[in-house]
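One structure below.
The values are calculated or read from the model by the stated rules, or taken from the named source; none is laboratory data. In this text the structure is predicted, and so the values were computed from the model without any measurement. Methodologically, a virtual Cβ is constructed for each residue, glycine included, from the backbone with ideal geometry; neighbour enumeration extends over all protein chains shown.
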Amino acid sequence: MQEYWEVYMKPLEGHPAMVSFNVSVSEGLPDMALGYVGFVKVPLLHPTKEGLVSAEEEGDIGFMEDSLEMESLRYRIGTYVGRIVTKSEVNFIYYLKYEFEWKDTVNAAMKKFSNYTFEMGSRADLEWEVYQKLLYPTSSQWQIIQNHNSCDALVKAGDTLKIGRAIEHKIYFESREERDSFRKVIEEDGFSIQKEIEPTEEIALYALQFYRVDIPFYYNIDELTLEIIAKGDLHNGQYDGWETSLVKE
């Protein structure tokens, strides 16, 4: 199975944290065959002022990550699920079949990096709490990830994201009354209604499509979508994302 990874920023204990996580393992959790969580904590030698990985050190950390993966495959001990960089440290996180060879796995991988110190550890985590509570994003963080992926695609196609254009949104509700009450709120915010969609056999929900001219730059679209989600939550709504046209200057 090809792995799918995502990256996002979040605050962690009052400090910025860069989180990379393996999305592919999120289906069907908890995985009872991997009932232990193992970690390797490595202090950075040349962190940025925010405590993250610098361009100078990025190559070494990448090689370290690859070395840990190679040794975990050689020992057949588990699955790499994520990495957290914060407070000038990088933390590699694995889920393991068993604990007793974790020390040998890590030592074999880290012997190539004698200029670094490191700590390692492991413990039982049958419910995958570390992955689900520390690595996996909240619904709002997921929306920001999706926003930035869409913005990246527009930029790659030649869009500067600086020109306002119609941005269309869709949201689902369990009842017509919830949809109608949300519609009033969103119209007061200057949105125009594009379409009301009634339940079908495939989707037994009431949908609302609406749009407004906005600027889809990264922080603009984050603020906009999170505001829509927050207002939708008050009416039991399920936000389904946005789309817009490509605009080149």
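Among the residues of region 112-133, those identified as in a loop (DSSP other than H, G, I, E, B) and not hydroxyl-bearing (Ser, Thr, Tyr) are 112, 113, 115, 118, 125, 126, 127, 128.
Taken over region 134-150, the criterion of being part of a loop (DSSP other than H, G, I, E, B) and touching a residue at least 60 places away in the same chain (Cβ under 8 Å) is satisfied by 136, 137.
Taking the numbered list (1) at pLDDT 95 or above; (2) more than 27 Å from residue 138 (Cβ to Cβ); (3) out of contact with any Ser or Thr (no Cβ under 9 Å at 6 or more places or on another chain) in turn, residue 247 passes all entries but (3).
Condition test on residue 156, is it closer than 30 Å to residue 106 by Cα and basic (Lys, Arg)? Here the answer is no, as residue 156 does not meet what is asked. The set of residues from region 168-181 being polar (S, T, N, Q) and loosely packed, with under 14 Cβ neighbours inside 10 Å comprises just one member, 175. Might you check whether a residue that is in contact (Cβ under 8 Å) with a residue 24 or more places away in the chain, among the hydrophobic types (A, V, I, L, M, F, W, C) and in a helix (DSSP H, G or I) occurs anywhere in region 159-172? The answer is no, given that none of the residues of region 159-172 is in contact (Cβ under 8 Å) with a residue 24 or more places away in the chain, among the hydrophobic types (A, V, I, L, M, F, W, C) and in a helix (DSSP H, G or I).
Among the residues making up region 11-58, those that are assigned to a strand (DSSP E or B), within 18 Å of the chain's Cα centre (by Cα) and crowded, with 16+ Cβ neighbours inside 10 Å are 17, 18, 19, 20, 21, 22. Summed over region 140-167, residues that are surrounded by 18 or more Cβ atoms within 10 Å (Cβ to Cβ) and among the acidic types (Asp, Glu) total 1.
Please determine whether any residue of region 174-185 is modelled with pLDDT under 95 and more than 23 Å from residue 6 (Cα to Cα). No, every residue in region 174-185 fails to be modelled with pLDDT under 95 and more than 23 Å from residue 6 (Cα to Cα). Only one entry of 184, 103 meets the criterion of being in a helix (DSSP H, G or I), under 30 Å from residue 200 (Cα atoms) and over 19 Å from the mean Cα position of the chain (by Cα), and that entry is 184. All conditions in (1) at pLDDT below 95; (2) in contact with a strand residue (DSSP E or B) (Cβ under 7 Å, 6 or more places away or on another chain) hold for residue 52, with the sole exception of (1).
Looking across region 206-249, the residues that are of a type in the set (S, T, N, Q), under 25 Å from the mean Cα position of the chain (by Cα) and either surrounded by fewer than 19 Cβ atoms within 10 Å (Cβ to Cβ) or not in a helix (DSSP H, G or I) (or both) come down to 220, 236, 238, 244, 245.
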